1. Rounded, prolate or oblate: which fits segment 190-246 when a ≥ b ≥ c are the square roots of the eigenvalues of the alpha-carbon gyration tensor, with rounded for a/c under 1.5 and prolate only if a/b beats b/c?
2. Given C-alpha coordinates of the chain, what is the ratio Rg to Rh with the Kirkwood estimate of Rh?
3. Going by average Cβ neighbours within 10 Å, how do the peptides 191-200, 7-16 rank, with the highest at the top?
4. Return the distance in nm (one decimal) between the two label points of a simple spin-label model at residue 294 and residue 100, each offset 7 Å from Cα along Cα→Cβ.
5. Grab the Cα-Cα distance for residue 91 and residue 206, subtract it from 0.36 nm times how many residues apart they are, and report the gain in nm with one decimal.
6. I need the peptides 213-225, 243-255 ranked by packing, meaning the mean over residues of other C-beta atoms within 10 angstrom, with the highest value on top.
7. List the residues of segment 1-39 whose backbone N lies under 20 Å from a point placed 7 Å from the Cα of residue 56 along the Cα-to-Cβ direction.
8. If you take all C-alpha pairs in segment 139-255, what percent of them are over 21 Å apart?
């Protein structure tokens with residue numbers, strides 16, 4: 001069975017503590033469990049202080065078949081940042097703007113940009129699948145959205161890995177259907193706000209669409225659906241959202257996601273959806289779920305460690 005682990009963002013101390021709590025031990029440079037396997041939900045890098053150590057742990061586990069993983073948006077962005085467009089004069093798939101560099105600066109500093117290690121990690125990121133559809137469960141970084149998955153499949157190999165350079169170009173080109181599909185799968189589903197409704201995001205950019213709690217079911221309002229800064233929420237209308245804008249999730253397998261920087265006590269988002277990102281890089285928790293084959297998710301199977309290193313005891317369900 002599987003232990004699913006959410007966004008790590010360079011927090012190796014917490015990763016090792018969580019693996020130990022789950023009953024894994026390091027042997028011959030690899031964290032192992034006698035009967036279980038880890039599935040990582042992506043976003044290993046950016047923000048945290050020990051990104052190289054995190055990648056050493058994760059890669060060793062994957063290479064030794066002690067873990068599976070999917071790609072997060074931060075790994076995708078890392079590849080796009082490092083990849084020049086073949087037909088351009090030095091441009092990159094992810095533009096080297098000040099904002100983009102700021103988001104990625106900690107990783108670039110820790111691996112030494114353009115070093116052998118940097119190139120090695122970028123090559124490894126390229127080979128990560130965008131999702132896993134396994135017997136009994138599904139795993140994706142942000143959103144299981146069938147229309148987007150269908151679009152992306154044309155650009156992937158039979159293991160859900162981005163196929164070639166042409167696919168990378170399509171997936172990083174704003175306005176391309178593949179780009180929009182990738183944004184949904186790796187960052188979450190956006191829906192248009194009612195006509196005339198808009199708000200400014202944290203960077204002052206006008207937004208007429210809002211990222212949503214896509215797992216919710218109707219009837220529900222735009223405000224209840226919105227994933228937005230607290231100061232923005234009052235500007236989102238408290239009127240019912242039309243059913244066609246939100247797919248929900250009615251799959252017969254549970255699906256596990258990361259990405260959403262949740263807080264509080266970990267628990268399922270619905271009977272078949274769990275988010276395991278509990279803001280470890282912002283002082284929250286590194287969170288896991290111990291899946292034993294159940295169709296309906298239960299709170300007792302969440303397990304986590306807190307970031308507060310002044311209190312080394314961990315919390316959550318026992319191993």
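Computed from the coordinates by the stated procedures, all read-outs in this text should not be read as laboratory data. None of the values given here were measured: they were computed from a predicted structure. With ideal geometry, Cβ positions are generated from the backbone for all residues, glycine too; neighbour counts draw on all protein chains shown.
1. prolate
2. 0.95
3. Top to bottom by mean Cβ count within 10 Å: 7-16, 191-200.
4. So the two model labels end up 4.3 nm from each other.
5. Separation in residues times 0.36 nm, less the Cα-Cα distance, equals 38.7 nm.
6. Result, highest mean Cβ count within 10 Å first: 213-225, 243-255.
7. 8-21, 24-33
8. The share of Cα pairs beyond 21 Å in segment 139-255 comes to 44 percent.
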